[in-house]
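Engineer: I'd like to ask you about the structure that follows.
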Amino acid sequence: MKNRLSSHLLSGLAAAAFIAMPALAQDAAPAAPDAAAPAAEQPVAQETQPAAQPAAEQPKADTSTGSATETVAAEQTEAPAAAQEQPAEQTAAAQPAEEPKAEEAKPEQPAEQAAAPADNTNPGEVANAAGNALDMLKASMNEGTSEAQMQVKYNGEVEFDAYTGNVWVEDDLNHSYASTFDLNFEIQFNEKWSAFVGLEADDETTDPAAVYNGAYIQYQPAEFFAVKAGDLTYSEGAFVAYYDYDDPADNAAGMKEHDIRGLEIDLAGFVLGFGFGRGDNDWADDEGAKVYNVHAAYEFDYAGQHLRPYVDYKSYQQSQHNELHAGVEAGLSIGGFAFRAVYGFHGDYLMDDGDVAKGQDWTSTAHTFLAEPSFELGMFEIKTTAFYALIDRGDAVEDASDLDNGEIPEYFFAYAEPALKLAEFIKLGIPVEYHTHTLDDDDETAATFDMGGRVYITPVENLEITAFGMVDMPIQDNEDDNALRFGVETVFSF
């Protein structure tokens with residue numbers, strides 16, 4: 001029955017097409033001889049919207065798959081009207097004018113996503129978000145990372161310094177340099193996936209070699225939750241106010257930089273990182289590298305108050321040779337007054353029971369205390385620092401303990417620098433300092449009292465030139481000569 005019905009239908013369609021052929025030929029005379037009515041309409045569509053031609057052709061393919069009877073009937077009775085209406089339908093189908101509207105609607109997507117549970121920053125839902133992290137990871141992996149979504153940002157810092165020796169002593173009338181170059185790249189693949197890579201050149205010379213400074217990838221499905229994998233760096237309790245110890249790669253009241261290659265989890269202010277030691281944070285013997293490192297901290301900020309407890313454990317995979325850092329950093333800011341404090345504990349060769357040296361206890365500890373109050377009012381400001389360390393080396397010989405790695409610069413120093421802003425881009429400071437220059441609190445042969453002047457020039461944003469002159473005066477049992485030294489430091493960032 002179906003075959004017979006199809007046969008009759010095809011016969012009718014053929015007859016109708018044969019009867020309508022003369023009329024169609026007359027209507028299509030201006031166009032190509034063998035073109036159908038829709039083909040004759042194509043130049044009109046091209047005149048009205050040339051860029052929409054491929055999109056306008058699609059409805060033709062669609063209508064050719066429709067009911068053949070209705071198409072032939074429409075061509076017989078209303079061919080001219082269809083020729084006028086078809087381009088309008090094609091133009092409406094292409095809808096190039098509505099594409100900007102779709103683009104205008106795109107900014108609404110972040111607002112919808114912000115309302116989604118994945119971007120809810122309510123701490124009460126942290127556990128629930130963490131439990132669904134695997135599902136969010138699978139979903140993000142299906143989102144794709146097209147070139148159009150990728151964004152690459154870079155930033156960096158450059159510093160070049162020059163210093164003199166003691167200009168009052170002819171044999172010490174020399175000069176020295178320091179140079180630093182940091183270049184960091186941040187790659188944003190999409191809303192949740194990103195990466196970081198850095199290069200660094202830093203040395204007391206004019207031409208330091210640039211080296212790889214680490215890289216990691218990051219997955220962040222929500223503002224309060226992120227996972228990093230790669231080269232990570234941790235430091236705690238850095239010196240902020242005092243200018244000469246402000247590089248956490250060298251010194252810190254809590255813990256100087258520890259580099260690892262591993263994994264980090266960030267969850268609502270809580271940071272947990274673990275992996276193998278890297279760079280200066282590693283140690284190797286004949287059997288290869290040994291160190292692994294675990295770091296944990298919690299960041300709390302509320303209404304100008306800052307609190308950060310931390311703990312860091314480092315194992316050398318040797319008999320009782322390990323390190324433990326723990327402590328807390330706290331800060332308070334009220335108007336022009338700010339106060340910052342750090343307590344740090346440093347333990348080395350923990351729980352040694354004569355395993356390192358028979359009959360000796362190499363367990364060494366240090367308790368460090370840092371206070372940095374500052375005040376700013378109008379054109380006047382003052383920064384101060386007081387640092388003290390209680391150090392117990394145990395039976396460890398000098399330089400055998402990790403306390404001698406420079407992390408703790410000296411057991412006590414004090415610094416104050418009142419400053420006056422002479423103009424918007426010029427500031428004059430008068431630093432006053434006391435230094436012990438030793439980790440031995442019984443040693444009084446290295447202490448100095450230092451005083452001088454520092455000029456800070458900031459001609460444009462992100463550029464600062466600092467020139468200084470300092471007089472170092474030995475005190476107590478220090479028999480060194482007085483010293484006068486100068487220096488210029490230039491730092492710019494981008």
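The values are calculated or read from the model by the stated rules, or taken from the named source; none is laboratory data. Bear in mind that the values here come from a model prediction, so they are computed numbers and not experimental data. Note: ideal-geometry Cβ built from the backbone for every residue, glycine included; neighbour counts use all protein chains shown. When the accessible area is computed, the model is the full protein with side chains, heavy atoms only, and any ligands, DNA or RNA have been set aside. Shrake-Rupley method; radii C 1.70, N 1.55, O 1.52, S 1.80 Å.
Engineer: What does the accessible area per residue of segment 277-367 come to in Å², with a 1.4 Å probe and no ligands, DNA or RNA counted?
Structural biologist: 52
Engineer: Just to make sure I understand: if all protein chains stay in place, what is the order of Ile217, Ile334, Ile187 by accessible area at 1.4 Å, largest first?
Structural biologist: Ile334, Ile217, Ile187
Engineer: Label segment 419-494 by shape, choosing from rounded, prolate and oblate, from the square roots a ≥ b ≥ c of the eigenvalues of the Cα gyration tensor; if a/c is under 1.5 it is rounded, and otherwise prolate applies when a/b is larger than b/c, oblate when it is not.
Structural biologist: prolate
Engineer: Please give the residues of segment 457-494, grouped as numeric ranges, whose backbone N is less than 14 Å from a label point set 7 Å along the Cα-to-Cβ vector of Trp168.
Structural biologist: Residues 470-475, 479-486 qualify, since their backbone N sits under 14 Å from the label point.
Engineer: On to the next question. Could you state the number of Å between the C-alpha centres of segment 438-486 and segment 308-322?
Structural biologist: 35
Engineer: Please give the solvent-accessible surface of Met451 in Å², to the nearest 10, using a probe radius of 1.4 Å with every protein chain present.
Structural biologist: Looks like 90 Å² after rounding.
Engineer: In a shell of Cβ-Cβ distance under 12 Å around Asn155, excluding Asn155 itself, what net charge do Lys and Arg (+1) and Asp and Glu (-1) give?
Structural biologist: Computed value for this residue: -2.
Engineer: Which of the GluC sites (Glu not before Pro) across segment 307-398 are loop residues per DSSP, with 11 or fewer other Cβ within 10 Å?
Structural biologist: Glu398
Engineer: Order Leu199, Leu350 by their accessible area, 1.4 angstrom probe, all chains in place, largest first.
Structural biologist: The ranking, largest first, comes out as Leu199, Leu350.
Engineer: Which of the pairs Lys256/Lys421; Lys153/Lys192; Lys256/Lys427; Lys153/Lys228; Lys314/Lys383; Lys314/Lys358 have their Cα atoms more than 27 Å apart in this structure?
Structural biologist: Beyond 27 Å: Lys256/Lys421; Lys256/Lys427; Lys314/Lys383.
Engineer: So, one more: Please give the Cα centre distance for segment 188-253 versus segment 330-387, rounded to the nearest Å.
Structural biologist: Cα centroid of segment 188-253 versus Cα centroid of segment 330-387: 22 Å apart.
Engineer: With all protein chains present and a 1.4 Å probe, how do Lys153, Lys421 order by accessible area, largest first?
Structural biologist: Descending order: Lys153, Lys421.
Engineer: May I ask you to give the percent of accessible area on segment 357-487 that is carbon plus sulfur, with a probe radius of 1.4 Å?
Structural biologist: Summing carbon and sulfur atoms, their accessible area is 58 percent of the total for segment 357-487.
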